[in-house]
Amino acid sequence: MVYAAVQSAAYNLAVPAFTLDIQSFVRAATLVLLFFGVYALWAGRGSIQSSHDVPFYRVRQQRVFAGWRSILFGGLLLAAAAWVGFNGERTAYAVFPVTATPTLSPTPSLTFTPSLTPSETLTPSETPTLQFSLTPSPSAIPIMPGEIAAEFTSQVTPSGAAVFSPFVFARNINLSTYAPVGAAVVFENPVTGIYALFSYDQMQPDVQWTALWYRDGQLVHYESKPWDGGTGGYGYTEWLAPAEDWLPGRYQVEMYVGMDVKLVGNFDVVGQPSTSTPTPSVTPTFTPSPTRTPTPLPSPTHTRQPTATAPSN
């Protein structure tokens with residue numbers, strides 16, 4: 001029976017309509033051997049157990065002998081299944097070496113592509129000329145002006161570890177929370193002051209810091225002094241000026257620690273500033289009044305009163 005199964009599997013391998021590789025065949029043969037080995041063990045055990053019910057000694061002995069023979073055969077099948085499972089594929093490749101068959105790739109056929117021949121070459125009658133030639137200019141690194149650096153009073157050398165957040169520009173500031181009031185990047189006149197808020201960390205006490213305010217590249221305001229804040233938190237620099245000083249243009253604020261620029265921000269002011277109109281003061285004008293000359297009064301004339309004279313006897 002086992003031989004028939006192996007022969008059937010070999011026949012299926014040889015049939016051109018169904019191709020089976022060596023690895024699949026070895027697995028199938030292993031399963032078949034396992035199945036019949038287990039079946040032989042089960043049949044032998046059943047034959048030995050059924051021999052106890054037979055009253056005749058010779059028949060009983062025949063069943064016992066057949067049962068042990070089936071068990072022995074089942075053990076051989078299991079051993080064969082184990083050998084085929086572990087060594088069958090390697091043995092099959094040793095007996096039937098695999099030779100790689102090269103696969104012929106089709107050679108592409110060259111297809112002639114006709115080249116287009118221009119019938120006429122158009123010559124431009126006029127070469128366009130650019131009206132404006134834009135040449136990008138590299139952005140210059142901000143540098144501390146020498147006249148401001150000469151005013152430094154701090155003796156602390158900056159460590160270079162200070163970091164700042166970008167500027168937030170606002171018309172006012174809430175000093176209790178350092179929150180911007182009226183934050184924007186474009187401010188419309190009238191403007192009376194702008195605050196540049198920032199957060200910072202790793203600042204050194206008493207290190208020189210400087211804020212420069214430019215309008216269209218012209219320095220209009222600055223402040224420079226030793227740092228009197230903490231090592232980290234929120235800060236601001238401001239420029240408070242009359243409304244007529246806030247001319248329209250591009251404003252740039254530069255923040256320095258020592259001589260190193262740490263922060264640069266820009267904002268715009270649009271619209272003409274409001275000019276203060278002087279209020280005329282009323283000056284009283286005194287008109288001279290004619291001076292009256294007093295008319296001299298006549299001096300009173302003393303009139304003597306008549307004196308009564310007693311009559312004589």
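The values are calculated or read from the model by the stated rules, or taken from the named source; none is laboratory data. No experiment lies behind these values; they were computed from the predicted model shown. Because the Cβ atoms are built from the backbone with ideal geometry, glycine has one as well, and the counts that use them run over all protein chains shown.
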All conditions in (1) modelled with pLDDT under 95; (2) of a type in the set (S, T, N, Q); (3) in a strand (DSSP E or B) are true of residue 266 except (1)
Checked segment 155-185 for anything surrounded by 15 or more Cβ atoms within 10 Å (Cβ to Cβ) and more than 22 Å from residue 199 (Cα to Cα); matches are none
Could you name every one of the helices (runs of 4 or more DSSP H) located completely within segment 1-101 that has at least 3 residues being modelled with pLDDT under 80?
2-14, 57-95
Any residue at all in segment 240-250 that's within 30 Å of the chain's Cα centre (by Cα) and closer than 20 Å to residue 171 by Cβ?
yes
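Give segment 142-198 a look and list any residue that's among the hydrophobic types (A, V, I, L, M, F, W, C) and closer than 13 Å to residue 257 by Cβ, or say none.
Across segment 142-198, the qualifying residues are 144, 149, 152, 156, 161, 162, 163, 164, 198.
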Residue by residue through segment 47-77, note down the ones that are aliphatic (A, V, I, L, M) and closer than 30 Å to residue 34 by Cβ.
48, 64, 66, 71, 72, 76, 77
Here are 252, 204: which of them is surrounded by 14 or more Cβ atoms within 10 Å (Cβ to Cβ), modelled with pLDDT of 80 or more and assigned to a loop (DSSP other than H, G, I, E, B)?
204
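When you go through 214, 234 one by one, which is the residue that is modelled with pLDDT of 95 or more and either surrounded by 15 or more Cβ atoms within 10 Å (Cβ to Cβ) or of a type in the set (Phe, Trp, Tyr) (or both)?
It is 214.
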Show the residue pairs that are 6+ apart or on different chains and have beta-carbon atoms under 9 Å apart, the first residue being within segment 58-84 and over 14 Å from residue 43 (Cα atoms), the second being assigned to a helix (DSSP H, G or I) and aromatic (Phe, Trp, Tyr).
81/35; 81/36
